[in-house]
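For reference, the structure is listed below as structure tokens.
The values are calculated or read from the model by the stated rules, or taken from the named source; none is laboratory data. If you're wondering where the values come from, they're calculated on a predicted model, not measured in any experiment. Using ideal geometry, Cβ is built from the backbone for each residue, glycine included, and neighbour counts are taken over all protein chains shown. Just the protein is used for accessible areas: all its heavy atoms, side chains included, with ligands, DNA and RNA removed. Shrake-Rupley method; radii C 1.70, N 1.55, O 1.52, S 1.80 Å.
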Amino acid sequence: MSLRGVWQLTNLTLHYCRIGGSSRGMRDFIESELPKFREANPQLNVKVKQKNGHHPVLYGEFVHGNTKEVTVRNEDIAEIQRQINFLRNQYGMPVVKLKTRNRTKRPSIQGMWTPELNL
């Protein structure tokens, strides 16, 4: 996804095994869909690395330096395409837990509001 016209995902690295059964979908994706994906996304640097004996993994590197890793073990071509689009459309910032609601040590002297109040 672009933020102010700048795509946030800069590098996408695809790791797969040449002979592993869990990498079958990744090998099929590299052969059939990857050239189309590269043409459709020229702003993205796509690297393919063969790592024998390992499960297939997608690594996304973002503009601000964060990286995300997505395992696509035993996935088909459509699911791998969905995961790649998911990485491409992210900002890459880590998820920050929102703070809880404010609580006070001194509750209201008027009491808690209830819908049954007759004013």
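The table that follows gives values for the structure above.
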{"quantity": "Residue within the stretch 99-111 that is open to solvent by 60 Å² or more (accessible area, probe 1.4 Å), in contact with a Phe, Trp or Tyr (Cβ under 7 Å, 6 or more places away or on another chain) and within 30 Å of R4 (Cβ to Cβ) present", "calculated": "no"}
{"quantity": "Count of residues meeting criterion [in a loop (DSSP other than H, G, I, E, B), of a type outside the set (K, R), out of contact with any Leu (no Cβ under 8 Å at 6 or more places or on another chain) and touching a residue at least 12 places away in the same chain (Cβ under 8 Å)] in the stretch 2-52", "calculated": "8"}
{"quantity": "Matching residues in the stretch 74-91 - criterion: being open to solvent by less than 40 Å² (accessible area, probe 1.4 Å) and part of a loop (DSSP other than H, G, I, E, B)", "calculated": "Q90"}
{"quantity": "Among residues of the stretch 1-51, those that are in contact with a Phe, Trp or Tyr (Cβ under 6 Å, 6 or more places away or on another chain), of a type in the set (G, A, S) and open to solvent by 40 Å² or more (accessible area, probe 1.4 Å), counted", "calculated": "0"}
{"quantity": "The stretch 53-73: number of residues that are surrounded by fewer than 14 Cβ atoms within 10 Å (Cβ to Cβ) and within 15 Å of G25 (Cα to Cα)", "calculated": "1"}
